[in-house]
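Colleague: Quick one: the structure is below, questions incoming.
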Amino acid sequence: MIKCNVTVNGVISRAASMRTGKDGKAYISFAVKVNVSSKDGDSNKAVEVSVLQEGNSNELTQYSSGSRVELKGSLTFRKRESNFYLNFHADSVDFSPANNPDGIAGRMEFKGTIGKQVDEKTDKKGRQYLIFSAFSTEKNGDTFEYTWVRFIRFAPEHEAFLIPKGKIHINGTLEISIYQDKINLGCRVEEVSEWVKQEA
């Protein structure tokens, strides 16, 4: 499970239309294009975010293609083979943002499994930190899709459950960037605990 509470700044790239959700509610559906930078800041890539917001058809004219907007709400990720999708449920839309540059910023909640290694490092100031990657699993029909996140944690602690194949529950700061022309998910860890799966 990966869920992020974020602010998205970008440009409407697909004009709004009406959709009915699984809950039977009416939603305004549109897309926002966001330029996301690479980790080194040398390049960027236009990423499309699919947005749903509760509303009615009287509001559609506000959502014109090419308009700059700032959105607040919850972001989830969906992976289908090599394709990666960003789905956003907007709690609010600001049609007059204060000249904010493109970006996706906020907090991540993650539940998943650590990968093959957990590296202990020390920075130039002598501070200890951990670097590791972990994946969240999503079932798609008869197959499973794995979404990887790279974590960094600045703390001297190294709990016993922070080991390869360990199950973790993390809250922290979302870091989204482009690496080799693909979306790269990262998180600066603020809280970590062992994730104990509840039996169904």
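The values are calculated or read from the model by the stated rules, or taken from the named source; none is laboratory data. A quick note: this is a predicted structure, and the numbers were derived from the prediction, not measured. Cβ coordinates were reconstructed from backbone atoms using ideal geometry, including for glycine residues, and neighbour counts include every protein chain displayed. Accessible surface is based on the protein model in full, side chains and every heavy atom, while ligands, DNA and RNA are left aside. Shrake-Rupley method; radii C 1.70, N 1.55, O 1.52, S 1.80 Å.
Colleague: Out of the residues in the stretch 144-156 that are of a type in the set (D, E, K, R) and either in contact (Cβ under 8 Å) with a residue 60 or more places away in the chain or open to solvent by less than 90 Å² (accessible area, probe 1.4 Å) (or both), state the one that is nearest to residue 79 (Cα to Cα).
Modeller: That would be 145.
Conditions tested, residue by residue: (1) over 29 Å from residue 188 (Cβ atoms); (2) of a type in the set (S, T, N, Q).
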position	(1), (2)
21	yes, no
25	yes, no
31	no, no
35	no, yes
39	no, no
57	yes, yes
69	no, no
76	no, yes
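Colleague: State which residue is farthest from the chain's Cα centre (by Cα) when the search covers only the stretch 131-143 and only residues that are open to solvent by 50 Å² or more (accessible area, probe 1.4 Å) and touching a residue at least 24 places away in the same chain (Cβ under 8 Å).
Modeller: 140
Colleague: If you don't mind, another one. Filter the stretch 161-200 for residues that are open to solvent by 60 Å² or more (accessible area, probe 1.4 Å), in contact with a Lys or Arg (Cβ under 7 Å, 6 or more places away or on another chain) and within 28 Å of residue 46 (Cα to Cα) and give the result.
Modeller: Listed by number, the residues that qualify are 175, 179, 181.
Colleague: For residue 54, state whether it is of a type in the set (Asp, Glu) and open to solvent by 50 Å² or more (accessible area, probe 1.4 Å).
Modeller: In short, yes.
Colleague: If you don't mind, there's one more thing I want to ask. Restricting the search to the stretch 8-27, which residues are over 12 Å from residue 71 (Cβ atoms) and open to solvent by less than 60 Å² (accessible area, probe 1.4 Å)?
Modeller: Selection gives 13, 15, 16, 17, 21, 24, 26, 27.
Colleague: So, one more: Restricting to the stretch 75-130, what's the tally of residues that are open to solvent by less than 30 Å² (accessible area, probe 1.4 Å) and either among the small types (Gly, Ala, Ser) or free of Cβ contacts under 8 Å to residues at least 24 places away in the same chain (or both)?
Modeller: The number of residues fulfilling the criteria is 5.
Colleague: Separate question: Any residue at all in the stretch 34-48 that's free of Cβ contacts under 8 Å to residues at least 40 places away in the same chain and closer than 26 Å to residue 109 by Cβ?
Modeller: yes
Colleague: Separate question: Given the conditions (1) out of contact with any Leu (no Cβ under 6 Å at 6 or more places or on another chain); (2) within 16 Å of residue 176 (Cα to Cα), report the number of the one that residue 24 does not fulfil.
Modeller: (2)
Colleague: What number of residues within the stretch 81-119 satisfy the criterion of being at pLDDT below 90 and under 22 Å from residue 168 (Cβ atoms)?
Modeller: Of the residues in the stretch 81-119, 1 are at pLDDT below 90 and under 22 Å from residue 168 (Cβ atoms).
Colleague: Report the residue count in the stretch 1-26 for those that are at pLDDT below 90 and out of contact with any Phe, Trp or Tyr (no Cβ under 9 Å at 6 or more places or on another chain).
Modeller: Number of matching residues: 5.
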